[in-house]
Amino acid sequence: MLGDAFVYILKCADGKYYVGRYRGRDLATRIGEHQSGLRKDAWTYRRRPVELVWSTQFYRMDEAAAFEQQIKKWSRAKKEALIRGDVAALKQLSLSKSAPADPSKAWFPRGKSHSD
């Protein structure tokens with residue numbers, strides 16, 4: 001059984017993506033908080049409604065936090081490849097422009113993807 005740590009991507013009403021993490025048993029609870037506008041100072045508040053487009057689960061919250069921070073640095077194209085589950089595109093988009101890279105060493109999260 002996987003743990004209670006999630007990383008997720010929401011597509012907002014304005015077309016932007018929000019990357020977040022959550023600790024709990026039911027990711028729907030957190031998505032509901034985004035939808036309800038629970039926090040008026042939240043980045044997603046003025047971008048509702050939001051749609052969950054991708055998620056994965058981790059055993060440990062520190063793993064989830066590290067992957068969330070990694071995804072936040074990615075380009076829109078790379079985020080969309082992740083959402084589609086397009087591993088080939090992820091590998092291509094991960095290649096360094098300045099040095100040769102070994103795509104076989106690309107890191108992908110363990111766990112079940114929302115898009116599965």
Within region 47-85, tally of residues that are in a loop (DSSP other than H, G, I, E, B) and either β-branched (Val, Ile, Thr) or surrounded by 15 or more Cβ atoms within 10 Å (Cβ to Cβ) (or both)
2
Which members of region 1-11 meet the condition of being in a loop (DSSP other than H, G, I, E, B) and either at pLDDT 95 or above or in contact with a Cys (Cβ under 8 Å, 6 or more places away or on another chain) (or both)?
none
For region 12-39, which residues satisfy the criterion of being surrounded by fewer than 11 Cβ atoms within 10 Å (Cβ to Cβ), assigned to a loop (DSSP other than H, G, I, E, B) and at pLDDT 95 or above?
Asp14, Gly15
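Residue by residue, here is whether (1) touching a helix residue (DSSP H, G or I) at 6+ places or on another chain (Cβ under 6 Å); (2) in contact (Cβ under 8 Å) with a residue 60 or more places away in the chain holds:
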residue: Arg48; (1), (2): no, no
residue: Leu52; (1), (2): yes, yes
residue: Asp62; (1), (2): no, no
residue: Glu68; (1), (2): no, yes
residue: Lys72; (1), (2): no, no
residue: Lys78; (1), (2): yes, no
residue: Ala81; (1), (2): yes, no
residue: Asp86; (1), (2): no, no
residue: Leu95; (1), (2): no, no
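The values are calculated or read from the model by the stated rules, or taken from the named source; none is laboratory data. What you see is a predicted model; the values in this text were computed from it and never measured. For neighbour counting, all protein chains shown are included, and Cβ atoms are generated from backbone atoms with ideal geometry for every residue, glycine included.
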